[in-house]
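Colleague: This is the structure I want to talk about, given as structure tokens.
The values are calculated or read from the model by the stated rules, or taken from the named source; none is laboratory data. Because the structure is predicted, anything quoted here is derived from the model rather than measured. Every residue, glycine as well, gets a Cβ built from its backbone with ideal geometry; the counts of neighbours run over all protein chains shown. Accessible surface is based on the protein model in full, side chains and every heavy atom, while ligands, DNA and RNA are left aside. Shrake-Rupley method; radii C 1.70, N 1.55, O 1.52, S 1.80 Å.
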Amino acid sequence: MSPPARLRALLAEPDFVVMPAVWDGLSAKLTSKAGFKTAFLSGSCVAASRLGGPDLDLVSFAEMFDSFNMVHGAAPDLLVLADADHGYGNAMNVQRTVRAYGRAGAAAVLIEDKITPRALTSGGKPCLPRDEVRMKIRAAVEAAKESGILVMARTDCRPTAGVDEAIARIEMYVEEGADIVFFDSPKDEDEIRRSVTAAAGKPSFAVLSPGAPRETPTQKRAAELGLKIGTYPTGLLSPVAAGMLAGLAALAAGEAKADSALPPPQLSELLGYADYNTQAERFRL
């Protein structure tokens, strides 16, 4: 089965789907080894890892696509939802983006309705007019037919245009044939329920990392509310940053490693040194 077909089958199962957010080969490999079947190639995580900066539309398609190839190469069985942001341009750019991810082996791709480049501030998420968004999602769904890749349509308009407009966009995404829908920044559980109803049976995706001004239910509660997929953009990234800070503090204090560091044999095992030797043995002279 192709990655999109496998993801469709997974979404047809009754369980809530947890998608850890990944950004490179190591994060993908560890996610797969931990038993997760899916992962979200998160734009915010890629921005943090590649730029050491915030997720403010500064990462290009080429950088995201390169990150996807690292993720897919390190964990080829992982079903990856690729963050394609706004599609990197107009409807034709969206089609190119969707086709590229489909050919490369992504299971699904995310297209959102934000305006880019955004205003020169980190606050607010101004979005495109609804009719223009419809054309971008229509273009994505058409392009997805080539590979079967699933299209996830996201609206960020709740903070600036209100919940009624956000719900209307979810309904529009369903009309246009999106496979998964994403209503970002719900204020409370009632808004989540409204979005799930508007999805009309299509799987609903949510960001469940704490800290942002949005309703973030637990996995159990998310499932009870009708959400199907939950991702955690800071779930791996924040502990990784904390581990680096601990390592740097240990070095600055004259130590060789932080207390939380993995023992060298365990790190070597995770990175696959023994597997490399096994495979290379066949070619030794």
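Colleague: Based on the Cα atoms of region 1-136, what semi-axes does the equivalent ellipsoid have, where each is the square root of 5 times one gyration tensor eigenvalue, given in whole Å with the largest first?
Modeller: 25, 18, 14
Colleague: Can you give me the % of accessible surface on the chain that is carbon or sulfur? Probe 1.4 Å, all protein chains present, nothing else counted.
Modeller: Here carbon and sulfur together make up 57 percent of the probe-accessible area.
Colleague: Here's another thing I want to ask about it. Provide the gained length on full extension for the span Arg284 to Leu262, in nm with one decimal, where the gain is 0.36 nm per separating residue minus the Cα-Cα distance.
Modeller: Values: separation 22, 0.36 × 22 = 7.92 nm, distance 3.08 nm.
Between Arg284 and Leu262, full extension yields 4.8 nm more.
Colleague: Would you tally the net charge around Ser147, using a Cβ to Cβ cut-off of less than 9 Å, leaving Ser147 out, and scoring K and R as +1, D and E as -1?
Modeller: Summing Lys and Arg as +1 and Asp and Glu as -1 gives +2.
Colleague: Projected onto the charge dipole of region 198-268 (+1 at Lys/Arg Cβ, -1 at Asp/Glu Cβ, origin at the Cα centre), which of Ser204, Gly235, Leu251 gives the Cα projection farthest towards the positive end?
Modeller: Working it through, the farthest residue towards the positive pole turns out to be Ser204.
Colleague: Ordered by packing density, taken as the mean number of other Cβ atoms within 10 Å over each peptide's residues, highest first, how do 30-43, 216-229, 144-157 rank?
Modeller: Highest-to-lowest ranking by the protection proxy: 144-157, 30-43, 216-229.
Colleague: Taking a threshold of 24 Å on the Cα-Cα distance, which of the pairs Lys29/Lys202; Lys37/Lys202; Lys29/Lys220; Lys37/Lys114; Lys145/Lys202; Lys187/Lys220 fall above it?
Modeller: Result: Lys29/Lys202; Lys29/Lys220; Lys37/Lys114 exceed 24 Å.
Colleague: Report the relative contact order of region 1-157, percent, no decimals, based on alpha-carbon pairs under 8 angstrom and at least 6 residues apart.
Modeller: 23 percent.
Colleague: Give the accessible surface of the chain per residue, rounded to a whole number of Å², with probe radius 1.4 Å and ligands, DNA and RNA excluded. Write down the numbers at each step before the final one.
Modeller: Working: 14090 Å² over 285 residues.
Per-residue accessible area for the chain comes out at 49 Å².
Colleague: If packing is taken as the mean number of other Cβ atoms within 10 Å per residue, what is the order of 71-78, 235-242, 100-107, highest first?
Modeller: Working: 71-78: 18.2, 235-242: 15.9, 100-107: 21.8.
For the peptides 71-78, 235-242, 100-107, the packing ranking is 100-107, 71-78, 235-242.
Colleague: If you count, for each residue, the other Cβ atoms within 10 Å and average over each peptide, how do 15-25, 189-199, 253-263 line up from highest to lowest?
Modeller: 15-25, 189-199, 253-263
Colleague: Continuing with the same structure: What cysteines in the chain have no other cysteine with a beta carbon less than 4.7 Å from their beta carbon?
Modeller: Cysteines lacking a close Cβ partner in the chain: Cys45.
Colleague: Please compute the volume of the convex hull spanned by the alpha-carbon atoms of the chain and report it per residue in Å³.
Modeller: With only Cα atoms used, the chain gives 157 Å³ per residue.
Colleague: Taking the Cα centre as origin and putting +1 on Lys and Arg beta-carbons and -1 on Asp and Glu beta-carbons, what dipole magnitude results for the chain, to the nearest 20 debye?
Modeller: Roughly 440 debye for the chain.
Colleague: Per residue Cα convex hull volume for region 142-273, in cubic angstrom? List each step's numbers first, then the result.
Modeller: Working: hull volume 23.1 nm³, N = 132.
So the per-residue hull volume is 175 Å³.
Colleague: Return the percentage of antiparallel bridges among DSSP beta bridges fully within the chain, rounded to the nearest 5 %.
Modeller: On the way: 1 of 28 bridges.
Here the antiparallel bridges make up roughly 5 percent for the chain.
Colleague: Okay, moving on. Which aspartates and glutamates, on any chain, are close to Lys257 with Cα under 19 Å apart, when same-chain ones fewer than 8 places away are left out?
Modeller: In chain and number order, the partners are Glu269.
Colleague: Consider just the alpha-carbon atoms of region 27-95 and return their Rg together with their Dmax, both in angstrom.
Modeller: 12.6, 38
Colleague: Multiplying the sequence separation of Lys187 and Arg130 by 0.36 nm and subtracting their Cα-Cα distance, what value in nm do you get?
Modeller: Contour length minus Cα-Cα distance gives 18.4 nm.
Colleague: Let me ask something else. Explain nothing, just the number: relative contact order of the chain, from Cα pairs under 8 Å at least 6 residues apart, as a whole percent.
Modeller: 16 percent
Colleague: Magnitude of the Cβ-charge dipole of region 176-285, K/R +1 and D/E -1, about the Cα centre, nearest 20 debye?
Modeller: The calculated dipole for region 176-285 is roughly 140 debye.
Colleague: For a Förster distance of 30 Å, can you work out the FRET efficiency between the beta-carbons of Arg221 and Leu10, rounded to the nearest 0.05?
Modeller: Once the sixth-power term is evaluated, E becomes 0.90.
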